[in-house]
Amino acid sequence: MDEKQLLKDCLDGNVHAQKRLYDLYSRKMFGVCLRYASDYNMAEDFLQEGFIRVFMKLGSYKFKGSFEGWVRRIMINTSLEILRKNDVLRYSVELNPSLDMSNDEEQVSQEIDSSVLMKHIQEMPPGFRAVFNLFAIEEVPHKEIGKLLNISEGTSKSQYARARAWLQKRLSSNE
């Protein structure tokens with residue numbers, strides 16, 4: 001069955017098609033949610049809420065562009081909305097003067113175990129984690145990040161730089 005037919009079956013309320021759609025995308029989307037969450041339980045909550053929204057908004061998908069990209073955007077927006085609703089982002093973007101922002105930062109090895117990297121990303125303060133994921137992984141421009149998180153473009157850039165420094169420091173101490 002092709003994706004278009006699967007989506008139409010989901011829109012018709014076919015529970016088996018909805019389960020297939022969930023099974024098809026849940027693993028990848030859990031990875032997306034995990035990057036914004038501080039632990040697996042939070043990521044599961046983001047995923048659950050995200051899929052509720054996917055099924056609620058499925059009728060608005062116009063079959064243009066990647067469906068996976070459309071689902072990914074819903075997962076990201078859902079994760080950020082939950083973080084914002086809990087006011088996690090507002091208080092986590094405070095500046096930490098102990099972070100060394102010099103240009104001669106120690107270079108971190110190019111070969112990093114993905115599970116170690118994911119662990120460190122999850123340990124980031126939520127504001128750092130959100131900006132880092134949006135900019136470095138999702139390739140969202142700082143101006144748009146500012147709008148998404150209700151912060152200035154400059155704050156987004158600053159938080160990204162500090163998130164990178166924070167991550168580099170953690171990865172350097174792991175080696």
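Overview of results
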{"read-out": "Reachable lysines, given that their alpha-carbon falls under 23 Å from the alpha-carbon of Lys28 and they are not under 8 places away in the same chain", "value": "Lys4, Lys8, Lys19, Lys57, Lys62, Lys64, Lys119"}
{"read-out": "Neighbour net charge for Gln18 - beta-carbon separation under 14 angstrom, K R +1, D E -1", "value": "+1"}
{"read-out": "Neighbour-count ranking [beta-carbon atoms within 10 angstrom, fewest first] of Val54, Val32", "value": "Val54, Val32"}
{"read-out": "Listed peptides 133-143, 160-170 by packing density, highest first (mean Cβ within 10 Å)", "value": "160-170, 133-143"}
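Each reported figure results from applying straightforward, stated rules to the coordinates on display, with no laboratory input. Please read all numbers here as calculations on a predicted model, not as lab measurements. Quick reminder, even Gly has a Cβ in these numbers, built from the backbone with ideal geometry, and neighbours come from all protein chains shown.
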